1. Share of antiparallel DSSP beta bridges in the chain, in percent to the nearest 5?
2. Sum up the charges of everything whose Cβ sits under 10 Å from the Cβ of Gly486, counting Lys and Arg as +1 and Asp and Glu as -1, but leave Gly486 out.
3. Over 22 Å, how big is the tail of the calculated P(r) for segment 435-524, in percent of all Cα pairs?
4. Based on the mean of other beta carbon atoms within 10 Å per residue, what is the order of 68-77, 192-201, 132-141, most packed first?
5. Past the 25 Å Cα-Cα mark, which pairs from Lys368/Lys522; Lys387/Lys522; Lys191/Lys368; Lys570/Lys678?
6. Length gain on complete extension for the stretch Asp253 to Asp424, per 0.36 nm per residue less the alpha carbon to alpha carbon distance?
7. Using a 10 Å cut-off on Cβ atoms, rank the peptides 595-603, 176-184 from the highest mean neighbour count down.
8. With every protein chain kept in place and ligands, DNA and RNA left out, what is the accessible area per residue of segment 630-746? Probe 1.4 Å, answer in Å².
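The values are calculated or read from the model by the stated rules, or taken from the named source; none is laboratory data. As the structure is a prediction and not an experimental result, all values here were calculated from the model. Every residue, glycine as well, gets a Cβ built from its backbone with ideal geometry; the counts of neighbours run over all protein chains shown. Remember, those area values only see protein heavy atoms, side chains included, never the ligands or the DNA or RNA. Shrake-Rupley method; radii C 1.70, N 1.55, O 1.52, S 1.80 Å.
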Amino acid sequence: MTLEEKAAQLGSVNADRLLDDGALDTEAVEEWLEHGIGHFTRLGGEGGLSPTDAARVTNELQSYLREETRLGIPAIPHEECLSGYMGPEATTFPQMLGMASSWNADLLQTVTGTIRGELEGIGTVHALSPVLDVARDLRWGRVEETFGEDPYLVSEMARAYVNGLQGEGRADGISATLKHFVGHGSTDGGKNRSSLNVGMRELRETHLFPYEAVISEANAESVMNAYHDIDGVPCVTNEWLLTDLLRGEFGFDGTVVSDYYSVRHLETEHGTINTKQEGAVASIEAGLDVELPYTEYFGEHLVNAVEDGDLAEETLDEAVRRVLREKFRKGVFDAGEIDEDAAADAFHTDEAREITREAARQSMTLLKNEGDLLPLDVDSVAVVGPKADDPKELMGDYAYAAHYPEEEYEADAITPLEALEWRDDVDVSYEQGCTISGPSTDGFDAATEVAEDADVALAFVGARSAVDFSDVDAEKAEKPSVPTSGEGCDMTHLRLPGVQEDLVAELLETGTPVVVVLVSGKPHAIEWMAEDVPAILYAWLPGDEGGPAIVETLFGENNPAGKLPVSLPKSVGQLPVYYNRKANTANKDYVYTDSEPVYPFGHGLSYAEFEYGDISLSSDSATPLESVTASVTVTNTGERAGDEVVQLYTHAVNPSQARPVQELLGFERVALEAGESKRVTFEFSATQLAFHDLDMNLTVEEGPYEIRVGSSATDIEATEDLEITDTKTVPKTARTYYTDSAVDAE
């Protein structure tokens, strides 16, 4: 291979540069693909192509590479698929914070297996998901993309995501990309792309843990660097991070791709380089393999760097080997043409619609239900609020309908209002009342009038989700639909935007019972509503079938069992409130406010009621490498069937270091008929209790531990003591990352 051909394999080109109104731009194709290319960037999604056209364009471009370039090496087409393929006609599933609320990893694996089918239909072999960031600052707009605040929950859900997307073998399925490596959910000020300043122990035990676990147990095939710097070193040029740790310690053998424009940000944001050649050299030497979304800093600048003696050709060769190895592993050299006529058949199947509805059902999280107001048994409802009748308001920021907030797109989704109007057992009246973010209260009177005439008022409120990179604009305060959740939408408060809270207050004044349905990816601070509103349902961003899932939950056809994957604070000033803080952070109060969240991690109600028996351990002591089983009986004492999420926590009683007050060790979602009991058993290794000692060795420390079972982080139902009999450094070969669980009839 020539230097130019090698460098081309580390580059990419996006749809905008190759297409002209959906057709190939011949001159652009010849320019960008002269020496081959590593990746095609979002041909279908960014190109706005139908599945049929996406398959056609992919066939045409791959044919050009095979037949018109000297080496005939095809490219890796990649797409975004956080909550479903981010392109036209795709099925949109609940946003990932909602999926995390289901606490059902098996369901998520089914979801991503379905996403895989749609991606395969258009010839995609690589996807830029899932997000493994641990959400520690709720001001960050991208919290909705995550699996929440706990590293164990994140790793369990991410493992399922990867297994569903990648399938059984490396030649099958879609390569999953773990992102954003690492610590993107805890940056300064909750700002996207700002610096990360955490200690090495926290970096390893909180932020790196999900990556190590998923790489070790699910063989993730790609990793994407984060935008920010860690202690002054940008992640994209951090050799310790991308090479020593990721490839050396974690054993990762796939490709590292750049977050879009992150090489450019070395110049425009970090200020650590003066020329494009410097950026290219620093990134590839650190361990970056492919520049995305198009070749700007690699390409000719890598060629020049080798010729100038600034880059060893061996370094270039190693990155090229990794990219070519992945192409062989994924079968792109042997792949035949995509069946263009069949491409659309993979999209929006009846099975996919049912899966996304079930996912939405299981994500529903009931926070409050005073006086058993829910499920509803009424003759009339007033539907109010800006989230009731807009399909795009059901979507997360990486859904195609929401990703480009200024563009018109008809989302194939069923709104709550539409689903309510399908029912023949209730009269429905509707007034929007207000917009998402605007200041106008002109619609309040009409909204309160319909509420006064109804048996119950349903207030659908929340933040708009989108990707928004627009500048700060004073006029935004006057705009009716400003995104305040999603990428580029970081906030200094967590209240509902606009006058939505005032609308809820006006509805309460009518005397009609009010149910607040939060349709939002933002974890909101809802202290006063938690006090005054009788029923609150967090529906998150539930996707295409969100409307029916919400209505089924309100009327009792679906019994909610979702649990919070993040703690909800009283106000933004209370942050951080994540459940596994250290004791001195968790227990210190403010002058007028305590440190407790409004609703804790793991909280969620049901229309059924559950009782827990005592916890039973297989042994009251264990060596550092032994396994222990913890069992508990759970009984549905209610009058209807329901699911309960049983949560297993551990607490180090007298550790040598300041440790989190407790840590999630396992969980199991259990289905119980009315009056039924089941025995839930967790098997965990003592190595899962390990932490990094003073020399930064991962060590199980002898001493007492408390094993806890609860229905949330604060509702602990039973505890038992466990003694670890010795102290031992844990070798990687002996480390266990995940707790096994089983459910048996009692």
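1. Working: 58 of 101 bridges.
Approximately 55 percent, going by the DSSP bridge assignments.
2. Details: positive: Arg142, Arg464, Lys522; negative: Glu144, Glu145, Asp397, Asp468, Glu487, Asp490.
My count for the surroundings of Gly486 gives -3.
3. Numbers: 1235 of 4005 pairs.
Distances greater than 22 Å cover 31 percent of the Cα pairs.
4. Working: 68-77: 18.2, 192-201: 15.7, 132-141: 25.2.
Listed from highest to lowest mean packing, they are 132-141, 68-77, 192-201.
5. Values: Lys368/Lys522 18 Å; Lys387/Lys522 14 Å; Lys191/Lys368 31 Å; Lys570/Lys678 36 Å.
Going by Cα-Cα distance, Lys191/Lys368; Lys570/Lys678 fall outside the 25 Å limit.
6. Contour length minus Cα-Cα distance gives 55.9 nm.
7. Those peptides, ordered most packed to least, come out 176-184, 595-603.
8. Numbers: 4830 Å² over 117 residues.
So segment 630-746 comes to 41 Å² accessible per residue, rounded to a whole number.
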